[in-house]
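For reference, the structure is listed below as structure tokens.
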């Protein structure tokens, strides 16, 4: 599996709207065949910071995700809500083992 942690720092006045739009995107994302999990988490001690935890079956599935209408709508809708450009860290899982995923 291929895991992406997307770090997002949201402007204070956009927190609630960002949460709504990002939750909608996550709900659509988990319907994609290449996505195993899509979590939206908010930092406990700084509510302006979020991490999107995206778990894909393969690296190629990240490209497919970025071509979906719902992703592009989300990307465009939240672009002005960010305090700084979002960043990401990519991972491969070690445990549990891939149980047949690419």
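The values are calculated or read from the model by the stated rules, or taken from the named source; none is laboratory data. Note that the structure is a prediction, hence the values are computed from the model and not measured. As a convention, Cβ positions derive from the backbone with ideal geometry for all residues, glycine included, and neighbour counts pool all protein chains shown.
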In region 56-66, which residue that is part of a helix (DSSP H, G or I) and either in contact with a helix residue (DSSP H, G or I) (Cβ under 7 Å, 6 or more places away or on another chain) or in contact (Cβ under 8 Å) with a residue 60 or more places away in the chain (or both) is nearest to residue 33 (Cα to Cα)? 65
Flagged in region 29-50 as crowded, with 16+ Cβ neighbours inside 10 Å and either within 10 Å of the chain's Cα centre (by Cα) or farther than 21 Å from residue 80 by Cβ (or both), in numbering order, are 29, 32, 34, 35, 36, 38, 40, 50
Residues of region 67-85 satisfying the condition of being touching a helix residue (DSSP H, G or I) at 6+ places or on another chain (Cβ under 9 Å) and either assigned to a loop (DSSP other than H, G, I, E, B) or modelled with pLDDT under 95 (or both): 68, 83
Could you check residue 71 against (1) touching a strand residue (DSSP E or B) at 6+ places or on another chain (Cβ under 7 Å); (2) surrounded by fewer than 17 Cβ atoms within 10 Å (Cβ to Cβ); (3) over 25 Å from residue 95 (Cα atoms) and say which number it fails? (1)
Looking at the structure I just gave you, is residue 17 modelled with pLDDT of 95 or more, closer than 16 Å to residue 85 by Cα and surrounded by fewer than 15 Cβ atoms within 10 Å (Cβ to Cβ)? no
